[in-house]
1. Exactly one condition in (1) at pLDDT 50 or above; (2) surrounded by 12 or more Cβ atoms within 10 Å (Cβ to Cβ) is false for LEU98; which is it?
2. With modelled with pLDDT under 85, of a type outside the set (D, E, K, R) and more than 30 Å from CYS3 (Cβ to Cβ) as the only criterion, which of PRO58, PRO62, PRO110 stands out?
3. Please specify each residue of the range 49-76 satisfying the condition of being surrounded by 12 or more Cβ atoms within 10 Å (Cβ to Cβ) and under 30 Å from TYR13 (Cα atoms).
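The values are calculated or read from the model by the stated rules, or taken from the named source; none is laboratory data. Quantities reported herein were computed from a predicted structural model and do not represent experimental measurements. Glycine gets a Cβ as well: all are built from the backbone with ideal geometry, and neighbour counts include every protein chain shown.
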Amino acid sequence: MKCAKVTTRLAGYLDDALAGAPSPEERRQIGVHLDSCADCREELQRYRKLAVLLSRMPRAVPPADLALRIKIAAAKEQETAIGVTAGSTSKIAPKSCLIIHFAPSPFRPPAASSPPSSFLLSSCT
């Protein structure tokens, strides 16, 4: 096995729990190559040092309201994609309005009510 291929597989070799990790046969071939190649052993050692440094970093904690903010943004994007805004529901066909009214978006949390489904239904009739 050549250095060019080994160096692209070292991260997976180091942590074979990752997706795309080398197969057992490929791991054996990489090990044989590492036994005879100081440059690739050095590169593997750099990956090990990086793993240690990263393990010492504090974990980032997402904001408590992140899921809600994502749902609101997705609901607004979905409304924009189908052309629903507070004042422009006249372009939507009546059947579409009923579908929107009776099958609300799974991404729309209760707090995100622009426009409310009763407005959509009354605007389309």
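1. (1)
2. PRO110
3. LEU50, ALA51
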